[in-house]
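Worksheet: the structure to be examined is printed underneath.
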Amino acid sequence: MWIIFSLMAALATGIVVTLSKNGIKNVDPLLGFAIESVLIIIVAWGVTIGRGKLSGIGEIDRRSWIFLIAAGIITCLSSLCSFQALKLGEASRTSSLERASLVFSVLFAVLFLKERINWQVIVGAILMTAGAVIIAFSRKA
């Protein structure tokens, strides 16, 4: 099931990049991000409340709070950078380079989460990085 959700997230991300690029053509990227963020908050809390999960907030331990808050801050920084990149560059080129985050995800999973990887993951990450770099630095069509 995780594969289906991962692919749905990838599809959604592709759509978001396209919509965001169109949305910020004549709008400051900070303002565009702020508008999207409000909607993200409304939907996230709406779904949480709608599914009856709000009561679990009291069960979150201090360590989890710290990690979730840090991740939230980094997510905001990532999105701010993404919107600025979209404003300055082509969506296909900027988003492909952002997807090089896969390499960082693999690296951090190994270093901090102690996940084990095999040669296929290493080769795949190298190929995806190469593809992202080739797309990002290709000449305009």
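The values are calculated or read from the model by the stated rules, or taken from the named source; none is laboratory data. Everything numeric in this text was worked out from a predicted model, so none of it was measured. In this analysis, Cβ positions are derived from the backbone assuming ideal geometry, glycine residues included, and neighbour counts consider all displayed protein chains.
Out of PHE104, PHE108, PHE33, I need the residue that is aromatic (Phe, Trp, Tyr), loosely packed, with under 13 Cβ neighbours inside 10 Å and closer than 22 Å to VAL17 by Cβ. Which one? Of the residues listed, the single one that is aromatic (Phe, Trp, Tyr), loosely packed, with under 13 Cβ neighbours inside 10 Å and closer than 22 Å to VAL17 by Cβ is PHE104. Only helices (runs of 4 or more DSSP H) whose full extent lies in segment 23-141 are considered here, and the ones with at least 1 residues that are more than 16 Å from THR13 (Cβ to Cβ) are 29-50, 62-88, 101-112, 119-136. Pairs meeting the criteria (first residue in segment 38-60 and assigned by TED's automatic domain parsing to the domain that holds LEU80 and within 22 Å of THR75 (Cα to Cα), second residue among the hydrophobic types (A, V, I, L, M, F, W, C) and surrounded by 10 or more Cβ atoms within 10 Å (Cβ to Cβ), beta carbons under 7 Å, at least 6 apart or on different chains) are THR48/LEU54.
Exactly one residue out of LEU88, LEU80, LEU97 is in contact with a helix residue (DSSP H, G or I) (Cβ under 9 Å, 6 or more places away or on another chain) and loosely packed, with under 10 Cβ neighbours inside 10 Å, and it is LEU88. The sole residue among ALA70, ALA12, ALA44 that is at pLDDT 95 or above and under 28 Å from ALA132 (Cβ atoms) is ALA70. Has segment 19-28 got any residue that is under 23 Å from GLY131 (Cβ atoms), touching a helix residue (DSSP H, G or I) at 6+ places or on another chain (Cβ under 7 Å) and not assigned by TED's automatic domain parsing to the domain that holds SER138? So far as segment 19-28 goes, yes, one or more of its residues are under 23 Å from GLY131 (Cβ atoms), touching a helix residue (DSSP H, G or I) at 6+ places or on another chain (Cβ under 7 Å) and not assigned by TED's automatic domain parsing to the domain that holds SER138.
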